[in-house]
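The structure appears below as structure tokens.
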Amino acid sequence: MDSTAPGLRSELTSPPPHMTPEEFRQHGRAVIDWIADYWERIESMPVASTVAPGDIRAMLPDAAPEEAEPFENLLADLDRVVMPGVTHWQHPGWFAYFPANNSPPSVLADTVSAGLGLIGLLWSASPALTEIESHVLDWLVDLLDLPQQWKSTSAGGGVLQGSASDSTHVAMVAARYRARQRGSQPVERMVAYTSAQAHSSVHKGANVAGFGAVRLIDTDERFAMRPAALRAAIDADVTAGLLPAFVCSTVGTTGTTAVDPVDEIAQVASPAGLWHHVDAAYAGTAMICEEFRHHQRGIELVDSYVFNPHKWMMVNFDCSAFYVADRGPLTDALSITAPYLRNAASDTGSVIDYRDWQVPLGRRFRALKLWWV
Ligand SMILES: *Cc1c(COP(=O)(O)O)cnc(C)c1O
């Protein structure tokens, strides 16, 4: 490099175009103050944003600015441009969709995670990311009284996904793999079952995984799936030459908080060879309390389970805990090792590589916020 070039010399003497660690310290304090102020005043704000479509975009310049701006301007724009278009999910008067609680330790942990900037595709890509994830997910097994077999120290294990929809989709991919191992039926002949009250993510997961059909099973007067109706639907599909392959029970449906009888559904599903998944995305957190655990009776009989700490456990989005009773079909279905991903630790088989437990390769350090909370 020619250090005598006049243009380069003047660039070297002007301040660097990026934020220095010292400036980051200063602006970081201002941002934390901004968040704390927001939490203090949130109750005085209207819950729902009242902007019209396009209002927020109209406040933005047509092209990205060429020149840097002082950081204070960005904070001012946060109040001027962003806040009018914010619907306040953390407001005490928030009763839409579902609760998505946040908490200061969770936000601080996510900040650290962003600062570290890890991408934990393999154990060796950052051992702490993987080991803390396995460990806190094992803690949750005890906290929610889930089967011991679901611990990473046993045949199963837990993994953090981005959403319950991802978790259910991945369960269906594992179910598809296991069904294909057991017979030579094409995936278009595979049928998935869930209750008419189940979350739309079950249907979507079935579409993405290529299942041939989804049957929405009739519910009783408490909106719970009727096991006899499930059995009848399975029998009809077998008679029609189809392959019943997957059933999703829900513990706490989104619209009606209905609880399917997991144990009775298992008695229908297991003999028929179906993969049984439980969607407890919203209500799963309640199982911390012993008095609610009767709602998950029969949980030791299922193949996979999802609940979202990002809904009701004070962990900010995204943090979806997905468990399998046997990790074999899951990792067999999703494991593909490119030459550049081979490494000594993985080759020994003594570490968990979470890329084999999810669709994406890269993954954030989500476990830190779960741990801190
Ligand atoms: C919220 C919810 C989902 C979807 O959760 P995401 O994490 O947004 O995909 C799925 N199932 C149930 C029962 C839910 O309450």
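The values are calculated or read from the model by the stated rules, or taken from the named source; none is laboratory data. Treat the numbers as computed from the prediction; the structure is a model and nothing was measured. Every residue, glycine among them, receives a Cβ derived from its backbone with ideal geometry; neighbour counts consider all protein chains shown. Areas reflect the complete protein model, heavy atoms only, side chains present, ligands, DNA and RNA absent. Shrake-Rupley method; radii C 1.70, N 1.55, O 1.52, S 1.80 Å.
Around residue 296, under 10 Å between beta carbons, what's the net of Lys plus Arg minus Asp minus Glu among the other residues?
Counting the neighbours of residue 296, the net charge comes to -1.
Using protein chains only and a probe of 1.4 angstrom, how many square angstrom of residue 361 are accessible, to the nearest 10?
Ignoring ligands and nucleic acids, residue 361 comes out at about 70 Å².
If you build a Gaussian network model of the chain, linking Cα atoms that sit under 10 Å apart, which residue out of 313, 83, 287 swings the most?
83
Of 333, 200, 312, whose Cα points farthest to the positive end of the dipole of the stretch 112-372 (charges on the beta-carbon: +1 Lys, Arg; -1 Asp, Glu; origin at the Cα centre)?
333
Could you grab the relative contact order for the chain? Cα pairs under 8 Å, six or more apart, rounded to a whole percent.
Computed over the chain, the figure is 22 percent.
How much of the accessible area of the chain, probe 1.4 Å, is carbon plus sulfur, in whole percent?
57 percent
Sort 96-108, 264-276 by the packing proxy (mean of other Cβ within 10 Å over each peptide's residues), most packed first.
Those peptides, ordered most packed to least, come out 264-276, 96-108.
Per residue, how much accessible surface does the chain expose to a 1.4 Å probe? Answer in Å², no decimals.
52 Å²
Which one of 119, 108, 31 has its Cα pushed farthest toward the positive end of the charge dipole of the chain, where Lys and Arg give +1 and Asp and Glu give -1 at the Cβ?
The residue sitting farthest along the positive end of the dipole is 119.
Can you give the helix-only mean residue ellipticity at 222 nm for the chain, where every DSSP H stretch with n ≥ 4 adds -39500 (n - 2.57) and the sum goes over all residues, rounded to the nearest 500 deg cm²/dmol?
Counting only the DSSP helices, I get -11500 deg cm²/dmol.
Using a ≥ b ≥ c from the Cα gyration tensor of the stretch 112-372 (square roots of the eigenvalues), is it rounded, prolate or oblate, where a/c under 1.5 gives rounded and otherwise the larger of a/b and b/c decides, a/b for prolate?
It comes out oblate by the Cα gyration axes.
Helix by helix, which DSSP H runs in the chain go 20 Å or more along their axis at the Cα atoms and have an average Kyte-Doolittle hydropathy of -1.0 or more?
Helices passing the filter in the chain: 127-143, 164-182.
Run the dipole for the chain about the Cα centre, Lys and Arg Cβ at +1, Asp and Glu Cβ at -1, nothing else charged, and hand back the magnitude in debye, nearest 20.
The calculation lands at about 1100 debye.
What accessible surface, in Å², does a 1.4 Å probe find on residue 180, ignoring ligands, DNA and RNA and rounding to the nearest 10?
Roughly 120 Å² of residue 180 is accessible to a 1.4 Å probe.
What does the C-alpha gyration tensor say about the overall shape of the stretch 6-96? Classify as rounded when a/c is under 1.5, otherwise prolate if a/b is larger than b/c, or oblate.
Because a/c hits 1.5 or more and a/b fails to exceed b/c, the stretch 6-96 counts as oblate.
Considering only 337, 285, 254, give the residue with the highest GNM mean-square fluctuation for the chain, with springs between Cα atoms whenever their separation is below 10 Å.
Top of the fluctuation ranking is 337.
What order, most packed first, do the peptides 48-54, 120-126 have when packing is the mean number of other Cβ atoms within 10 Å of each residue?
120-126, 48-54
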